[in-house]
1. Return one whole number: the accessible area per residue of segment 19-82 in Å², for a 1.4 Å probe.
2. Translational diffusion coefficient, Stokes-Einstein: compute it for segment 123-207 using the Kirkwood radius over C-alpha pairs as Rh, at 4 °C and 1.567 mPa s, and state it as an integer in µm² s⁻¹.
3. Trypsin sites (Lys or Arg not before Pro), restricted to segment 1-54: which are DSSP loop and have at most 13 other Cβ atoms within 10 Å?
4. Quick check on segment 34-87: take the gyration tensor over C-alpha atoms, sort the square-rooted eigenvalues as a ≥ b ≥ c, and tell me if it's rounded (a/c under 1.5), prolate or oblate.
5. Given a 1.4 Å probe and the protein chains all in place, what does the accessible area of Met1 round to, in Å² to the nearest 10?
6. Can you give the accessible area of Phe6, probe radius 1.4 Å, in Å² rounded to 10?
7. When the accessible area of segment 1-130 is split by element with a 1.4 Å probe, what percent falls to carbon and sulfur?
8. Quick one: which of Lys137/Lys171; Lys28/Lys65; Lys84/Lys128; Lys100/Lys128; Lys83/Lys169 span more than 25 angstrom between C-alpha atoms?
Amino acid sequence: MFTAYFDASGQEHEHPYMVVAGFVSSVKVWSEFSDEWRAVLGNYHLKTFHAADCQNFRGEFIEWKGKEDKRLRLWCDLLGVIKKHTFHKFSVGIEINDWKESFSQERKRKSKINAYVLCALACAERVKLWARRQNVKTPIAYIYESGDPGSGQLRAYFDEQEFPAPSFKHKEDRTVEGIYCPATVPLQAADFLAYEIFLIKKIFRKNGLPSLGRPMREFVDIPEATKIYSGDRLKELEKTFDFPRKVNGIWRPF
């Protein structure tokens, strides 16, 4: 059995773009991944890896400011675990301003869709396409980070399309109503990829190409299915979007 883990970076009402990204691997390999990931974090006396916190020296990284070499070593160690254990990476991004211009409020209301749901569904479609091309016959589970706006709509679309019901979990340890819920560690890798794509786009907009030291340079080595929707491509969706639509068992929202 395979599992795909996804997380989002960016908010539709706060940022100029949104990205949903993640990885697929087998259940057995994900278990090995989690053990090695935790071991790396333990070497740095960390409980959880939050990419935004690491980048901005918040949370567990508040004392890391000025320790660029240490942060780079952590990135390299975590990237090594990701590259060793994941089979494929997936990401879908949307330029929010273009999304707002291309999709009328009426269309959004009727389809009950938002930028997060659209990106998350498109990622799921790409996983299914990958599975067909790789002749994967075993089931694939879809797990998303809990708390992103639109998870209810996403669950409804999965159900309507007779897709395996998605699960929503947390990437850090939590206690919910007195019950301890351990972290779903692979979501931390998805968070790393989603934030890096989000940040690279932000840096590129402001300063041009980022430095070679960015982790994204290492992510490039992992086989991928990436799509960023903006401009005319999003405008085309207004004419063709009949959501959700399924052709030969594959979502065709674009």
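1. 49
2. 85
3. Filter output for segment 1-54: Lys47.
4. Prolate shape, in that a/c is at least 1.5 and a/b is the bigger ratio.
5. 110
6. Looks like 0 Å² after rounding.
7. Details: 2810 of 5620 Å².
Taking all protein chains in place, segment 1-130 shows 50 percent carbon and sulfur surface.
8. Numbers: Lys137/Lys171 28 Å; Lys28/Lys65 36 Å; Lys84/Lys128 22 Å; Lys100/Lys128 28 Å; Lys83/Lys169 23 Å.
Pairs exceeding the cut-off: Lys137/Lys171; Lys28/Lys65; Lys100/Lys128.
The values are calculated or read from the model by the stated rules, or taken from the named source; none is laboratory data. Quick caveat, the model's predicted, so the values are computed rather than measured. Backbone-built Cβ (ideal geometry, glycine too); neighbour counts: all protein chains shown. Protein only, heavy atoms only, side chains kept; ligands, DNA and RNA dropped before computing areas. Shrake-Rupley method; radii C 1.70, N 1.55, O 1.52, S 1.80 Å.
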